Amino acid sequence: MIEVKNLTMKYPSGKGIFDLNFFVNQGEVMGYLGPNGAGKTTTIRALLGFMKPNNGTAAIGGMDCWYKATEIQKALGYIPGEINFLDGMSGDEFLKFMHDMRKTKDISFQKQLLEMFELNPKGKIKKFSKGMKQKLGIVTAFMHNPDVLILDEPTSGLDPLMQNRFVDLLLSEKAKGKTILMSSHMFEEVEKTCDNVLIIKDGRIVKQSDVQTLKITQRKGYILKTTDINSLAQALQSENFEIGSIHNNSVEVFVSAHNVDRLIKTAANFTITHFDIKVQTLEDIFMQFYGQEEKSR
């Protein structure tokens, strides 16, 4: 449903995306991950037909994203990373405007979405909070029941309850066979909803993986506190464990899943006063894969 071949788009600064190749099958949710400036939004702009590639092609449903942009945009569900509305409109006026532009008349799903996200669309959009604007963006993207959705940081500005409801919505749409490409900075969101992930760095894809493999290959981070921090740190280093920061009698240590038992046996030789799991952010995972990519060159 989404196919990118040798896609290159350069900015005058020299940044951009370079020789991207990937596809998203019907019914698949693909996570598109990377830090700010990595090239995620540029890729999405190409898929929306906002920018013409320097080289290569992007297609949605067999239609070229540049030459068939108008047809694609009418059918597509899209949430931009930075939503800008026509602030002179009220929320319900904007929803009607989008229905008119798409030539859709059925508002039954729109009503369900407004109820799900507890959004009253009446009132001027310029007076909406960031969370309300994000909810309006979600409703606009999904209300016409599109077969393909492209979502750029879709839960930005939502509280945890609404983030969970968005996850429920995404899983429901996935069960209907929808095709979804989603950029996100939240690993929990990706873990719950995505089948596969693409990781991009400096405009190039450095890793493509299914989510389960991504979880298995994650390093596990632990924080150990002891009465003899120097001796514990030396013992961990002698066992070739990766040490993070050391402060306040605590040490961070990172291990692969199959080395957890060895870590516990090493720590058992000391008086451990506190043991905790260090939650990995997506940035931690990016750095792990970026490091592997550098070593392979």
Output for segment 140-193: trypsin sites (Lys or Arg not before Pro) sitting in coil per DSSP, at most 16 other Cβ within 10 Å, listed by number, reads Lys176
Considering the values (1) 64, 44, 34; (2) 70, 43, 36; (3) 73, 70, 36, which represents Cα extents along the principal axes in Å as calculated for the structure under consideration?
-> (2)
Name the residues whose placed amide hydrogens come within less than 5 Å of the amide hydrogen of Glu28, ignoring near sequence neighbours (fewer than 5 apart) on the same chain.
-> Ile180
Of the residues Gly131, Met101, Phe275, the Cα lying farthest along the dipole of the chain towards its positive end, which is defined by charges on the beta carbon of Lys, Arg, Asp and Glu, belongs to Met101
When a/c is below 1.5 the answer is rounded, else prolate if a/b is larger than b/c, else oblate, so apply that to segment 220-279 with a ≥ b ≥ c taken from the square roots of the Cα gyration tensor eigenvalues.
-> rounded
Quote the charge dipole size of segment 1-97 about the Cα centre in Debye, to the nearest 20; the model charges only the Cβ of Lys and Arg (+1) and of Asp and Glu (-1).
-> 340
The chain, helix-only ellipticity at 222 nm - DSSP H runs n ≥ 4, -39,500 (n - 2.57), divided by all residues, nearest 500 | -11500 deg cm²/dmol
Of the GluC sites (Glu not before Pro) in segment 27-113, which ones lie in a loop per DSSP and count no more than 13 other C-beta atoms within 10 Å?
-> Glu82
Any idea what the dipole of the chain comes to, in debye rounded to 20, about its Cα centre with Lys/Arg Cβ at +1 and Asp/Glu Cβ at -1?
-> 740
Restricted to the chain, the DSSP antiparallel beta bridge percent, nearest 5, is 70
Quick one: length gained pulling Lys220 to Lys52 fully straight, 0.36 nm per residue minus the C-alpha distance?
-> 56.3 nm
Using a simple charge model, +1 on the beta-carbon of Lys and Arg, -1 on the beta-carbon of Asp and Glu, nothing else, what dipole does segment 220-279 show about its Cα centre, in debye to the nearest 20?
-> 100
Mind listing the phi-derived Karplus ³J(HN,Hα) values for segment 75-80, rounded to whole Hz, using 6.51, -1.76 and 1.60 with θ = phi - 60°, and x for any glycine or proline?
-> 8, 6, x, 9, 10, x
Compare the Cα positions of Gln26, Val211, Ile199 along the charge dipole of the chain (+1 at Cβ of Lys, Arg; -1 at Cβ of Asp, Glu; about the Cα centre) and return the one farthest towards the positive end.
-> Gln26
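Every number in this text was worked out from the coordinates using simple rules, so none of it is lab data. It should be emphasised that the depicted structure is a prediction, and the values quoted were computed from it without experimental measurement. Note: ideal-geometry Cβ built from the backbone for every residue, glycine included; neighbour counts use all protein chains shown.
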